[in-house]
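Participant: Pasting a structure here, questions to come.
Nothing in this text is a laboratory measurement; each read-out follows from the coordinates by a stated rule. Predicted, not measured: the structure shown is a model, and the values here were computed from it. Quick reminder, even Gly has a Cβ in these numbers, built from the backbone with ideal geometry, and neighbours come from all protein chains shown.
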Amino acid sequence: MKEYLQTYERWLTTEGFRDNTINRYLVVARDFMEWHSGVLRKNGFSPIDVSGRDLQDWKKYLLNEATYKRGEQEPRRYSISSVNNSLKAIRTFFQFFCDSNELSDNPALKIKAQKTAADFEQEPRWLKRLERNRLVRAVEDENTVKKNRWKFTRNRAIVFCQLHAGLRVSEVCDLETDDISFDTGYIFIRDGKGGKARRIEMNKDLRKALKEWIDERGNPPTKKLFVSSRGQKALTKQGVEYVYKILSDATGIADLTTHVPRHTLAHDLIEGGYSLQRVADILGHANINYTRVYTKSSSQERREALESLSFIQD
C-alpha cells in the first residue's frame, strides 16, 4: 500500500493537483485500500481485485458506518458532502491506475454521488448586518492586536480581501505582491480553484487596506503578500485561521471561519440586487448554479419567519 501511495502522490503532483487536495486524496486512497483489504481478508491491495460491486459497498459503508475523528473530539459520521468528496477522490485514484496501465477501465466511474434534497447539508454561513458591522469594527481597531500596527494592517487586509473581493483562503495565501495593481485597480488571481485565473476589481476600502499593509509589510524574503508574524515566511492557511480565531474572540461571533466573509460578500451582493452572473464572476464560480445557494434564505431567516406565527410567547 505504501508504494501505491507514494506513486499516486507523484502522479497527483505531476497532474497539477494542489497540496491540500493531494493530502485529502491520499487519505481517501489509504482508507479505501485498508477497507478493501479487510473485506477480502487479504494482507495486500491490488486494484485488479476491485469490482464495481466493491465500490458500491464502500459507498454504503461511508454512508452508514464510517466515522472520522479530529483531535479529542468524539468520532463523527461522514456528512453527505464528505461522502461525495470521497467518491470524487476515489475516481481519481482509479484513474491513476488506468494511466499507469494497471487497469484498462476505471470501475469507479459508475458510482454516482449521493443525491440530497435542497438544504439537506449545512448551508453557507454568512454574517447578518450587525455581525458584519462588528467584524469591521474589530479589524479597524488596533486594540484587537494590542496596538501592533504591523499585525493590524495585515489582518485587516486579509479580511477585506475576502469581505470585499470574495477571495478563498487558499487564494489569500497564494497572493503575491505583483498580483496587486493599484494602477489598474485589480487583484489578479493566477491559480484559482480548478486552475482558473481571474481578476477582481478593488473597491476603495480594499485598496486603502492593501496600500497600508504593503507600507507596513517591509521586505521579507518571500514574494507572498501576506507573511507570518516573524515576517520571514509566507502566511499559511492555519495562520489565516488563527487570525479569524482572534477576531472571533474579539467579536463574540462563535462560528467565524475563513469561509464566512466570502459567503457574506456573495449574500450581500445578491441581496443588493446584483445578477447571479456578476456575483459568480467575482467569486470565480465556473458554474452559476454554485452561486444560486446565496439566493436562498438562511436557516435562521426561515426559523424567524415560522416563529412569527407561533402563539407561544417567550
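Participant: With the cut-off at 1.5 for a/c, could you classify the stretch 193-255 from its C-alpha gyration tensor as rounded, prolate or oblate? Present the calculation step by step, with values, prior to reporting the outcome.
Facilitator: On the way: a/c = 1.34, a/b = 1.16, b/c = 1.15.
Note, shape of the stretch 193-255 comes out rounded.
Participant: Using the alpha-carbon atoms, what tilt in degrees (0 to 90, nearest 10) does helix 2-14 show relative to the longest principal axis of the chain?
Facilitator: So the helix axis and the longest Cα principal axis differ by about 50 degrees.
Participant: Relative contact order, percent, of the stretch 2-110 when contacts are C-alpha pairs under 8 Å separated by at least 6 residues?
Facilitator: Numbers: 76 pairs, mean separation 29.8, N = 109.
Here the relative contact order equals 27 percent.
Participant: Here's another thing I want to ask about it. Quick one: angle between helix 237-251 and the longest Cα principal axis of the chain, in degrees between 0 and 90, rounded to 10, please.
Facilitator: 50
Participant: Projected area of the stretch 129-303, taken from the Cα convex hull and averaged over every viewing direction, in nm²? Intermediate results must be reported in sequence, preceding the final value.
Facilitator: Working: hull surface 41.0 nm².
Averaging across all directions leaves 10.3 nm² for the Cα convex hull.
Participant: Output the pairs from 151/237; 115/237; 115/296; 69/245 with a Cα-Cα distance over 24 Å in this structure; if there are none, say none. Intermediate values should be presented prior to the final figure.
Facilitator: On the way: 151/237 16 Å; 115/237 31 Å; 115/296 19 Å; 69/245 21 Å.
Beyond 24 Å between Cα atoms: 115/237.
Participant: Give, as a single signed number, the net charge of other residues whose beta carbon lies under 11 Å from the beta carbon of residue 91, with Lys and Arg counted +1 and Asp and Glu -1.
Facilitator: On the way: positive: 88, 110, 112; negative: none.
Taking every other residue near residue 91 into account, the sum is +3.
Participant: Tell me the label-point distance for the pair residue 21, residue 193, using the 7 Å Cα-to-Cβ offset, in nm and rounded to one decimal.
Facilitator: Each label point lies 7 Å from its Cα, and together they span 1.2 nm.
Participant: Further question on the same structure: Compute the distance from the alpha-carbon center of the stretch 259-314 to that of the stretch 124-192, in whole Å.
Facilitator: Using only Cα atoms to place each centre, the spacing works out to 21 Å.
Participant: Same structure again: Based on the Kirkwood radius over alpha-carbon pairs, what is the Stokes-Einstein translational diffusion coefficient of the chain at 25 °C with 0.890 mPa s viscosity, in µm²/s?
Facilitator: Numbers: Rh = 22.3 Å.
Reported coefficient: 110 µm²/s.
Participant: Can you order the peptides 175-188, 202-215 by their average number of other Cβ atoms within 10 Å per residue, highest first?
Facilitator: Peptide ranking by packing, descending: 202-215, 175-188.
Participant: Can you check what the net charge comes to around residue 263, using other residues whose Cβ is under 10 Å from the Cβ of residue 263 (Lys, Arg +1; Asp, Glu -1)? Numbers along the way, then the final one.
Facilitator: Numbers: positive: 125, 262; negative: 123, 268.
Every neighbour counted, the sum reads 0.
Participant: Would you list which lysines come within 18 Å of residue 110, measuring only between C-alpha atoms, while excluding same-chain residues fewer than 8 positions from it?
Facilitator: Hits, sequence-local ones excluded: 59, 60, 88.
Participant: Just want to confirm a number: the relative contact order over the chain, from Cα pairs under 8 angstrom separated by 6+ residues, in percent.
Facilitator: Working: 326 pairs, mean separation 44.4, N = 314.
So the answer I get is 14 percent.
Participant: Now a separate question. Under the rule of -39500 (n - 2.57) per DSSP H run of 4 or more residues, summed and divided by the residues of the chain, what mean residue ellipticity at 222 nm is obtained, to the nearest 500 deg cm²/dmol?
Facilitator: Dividing the helical sum by the residues of the chain leaves -16000 deg cm²/dmol.
Participant: In whole Å, what three semi-axes, largest first, describe the equivalent ellipsoid of the stretch 2-110 built from its Cα gyration tensor (square root of 5 times each eigenvalue)?
Facilitator: Numbers: eigenvalues 93, 62, 35 Å².
In descending order the semi-axes read 22, 18, 13 Å.
Participant: Output the 0 to 90 degree angle, nearest 10, between the alpha-carbon long axis of helix 19-40 and the longest principal axis computed from the alpha carbons of the chain.
Facilitator: It is inclined by approximately 30 degrees.
Participant: How high is the FRET efficiency between residue 222 and residue 49 when r is their beta carbon distance and R₀ equals 30 Å, given to the nearest 0.05?
Facilitator: Working: r = 47 Å, r/R0 = 1.55.
Between residue 222 and residue 49 the formula returns 0.05.
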